[in-house]
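Chemist: Before anything else, here's the structure in question.
Just so it is clear, none of the values below were taken in a lab; they were calculated from the coordinates. Computed from a predicted model, the values in this text were never measured in an experiment. Because the Cβ atoms are built from the backbone with ideal geometry, glycine has one as well, and the counts that use them run over all protein chains shown.
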Amino acid sequence: MNSISRIMHRRNSRGLLLGVVVLLALIKLGFWLQESYQADQAELASRKASLARYQKLTGQIPELSRQLRLLNDRREKLAKYLFTGSNEENIISAMQLDIQAMVSTAGLEPESFRPLKQKNSQQVGGESSALGEVAIKASFNGTLAEYQAFLAELYRSPKMYKIEAVTLTPFKKSDLKILIDLRGYFLITAPDVVAAAEGGGGASKPVKDSGT
């Protein structure tokens, strides 16, 4: 009887031990399944977030395209009022000829024309274009009526000028010595762009032909 009891006890101990091993394996498998599930859920959430961002961005494409068209239209309209050229020297020369033409039309006598270095020149979108301005100090002689005629020419000019300062002093009998500070604005473009503009559209020409 004792032998039988010992055999049964051993069998029960082995069965219990086997049961514990199986239980631990099941618990470990459960933890692994839970971690795998959580990882899958995190990846799914990440993919859902990426999809939501993509849908949001693609949903904004029509509005962004509309805004881009508006900006391009505004730039084209503004470019008509700017001097264009491949370098600063050409632009300053075009401004000088333009102002001399207006001075001649108004009947004034030119005395000096002194352009200064442009300010706020910057790259636009990383392309070979730059916006900038040139400060101009000019002086000429004439009557008050001729000066008024020059202002009218300046106002009618298709190019954009800004009058910053004007000094009028008596000169001779009825004439005036006129000192004026102007600012002209320009757009530097690549040579092939300038050539295309000069060949296809008159609005982009930087020089007036009248009176020069």
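Chemist: My understanding is that a pair violates if its Cα-Cα distance is over 20 Å; which of LYS80/LYS137; LYS56/LYS77; LYS77/LYS159 do that in this structure? Walk me through the intermediate numbers first.
Modeler: Numbers: LYS80/LYS137 24 Å; LYS56/LYS77 32 Å; LYS77/LYS159 12 Å.
The pairs that break the limit, which is 20 Å between Cα atoms, are LYS80/LYS137; LYS56/LYS77.
Chemist: What is the set of long-range amide H partners of GLY107 at a cut-off below 5 Å, with H atoms built 1.01 Å from backbone N?
Modeler: Counting only residues 5 or more places away or on other chains, the set is empty.
Chemist: Can you sort VAL22, VAL134, VAL103 by how many other beta carbons sit within 10 Å, fewest first? Mind showing how you got there, number by number?
Modeler: On the way: VAL22 10, VAL134 21, VAL103 24.
Taking fewest neighbouring Cβ atoms as first place, the list is VAL22, VAL134, VAL103.
Chemist: Convert each backbone phi in segment 103-114 into a coupling constant with the Karplus relation 6.51 cos²θ - 1.76 cosθ + 1.60 (shift: θ = phi - 60°), then list the ³J(HN,Hα) values in order as whole Hz, x for Gly and Pro.
Modeler: So the Karplus estimates, Gly and Pro as x, are 5, 5, 4, 6, x, 7, 9, x, 10, 8, 9, 10 Hz.
Chemist: How do ARG69, ARG183 line up, fewest other C-beta atoms within 10 Å first? Each step should come with its number before you reach the end.
Modeler: On the way: ARG69 10, ARG183 16.
By the 10 Å Cβ count, ascending: ARG69, ARG183.
Chemist: Got the relative contact order for segment 34-185 handy, in percent, Cα pairs under 8 Å and 6 or more residues apart?
Modeler: 20
Chemist: Going by how many other beta carbons lie within 10 Å of each one, how would you line up GLU153, GLU89, fewest first?
Modeler: With the fewest neighbours first, GLU153, GLU89 line up as GLU89, GLU153.
Chemist: So what are the ³J(HN,Hα) numbers for segment 42-59, from phi and the Karplus equation (6.51, -1.76, 1.60; θ = phi - 60°), rounded to whole Hz, Gly and Pro as x?
Modeler: 5, 5, 5, 5, 5, 5, 5, 5, 5, 5, 5, 5, 4, 5, 5, 5, 5, x
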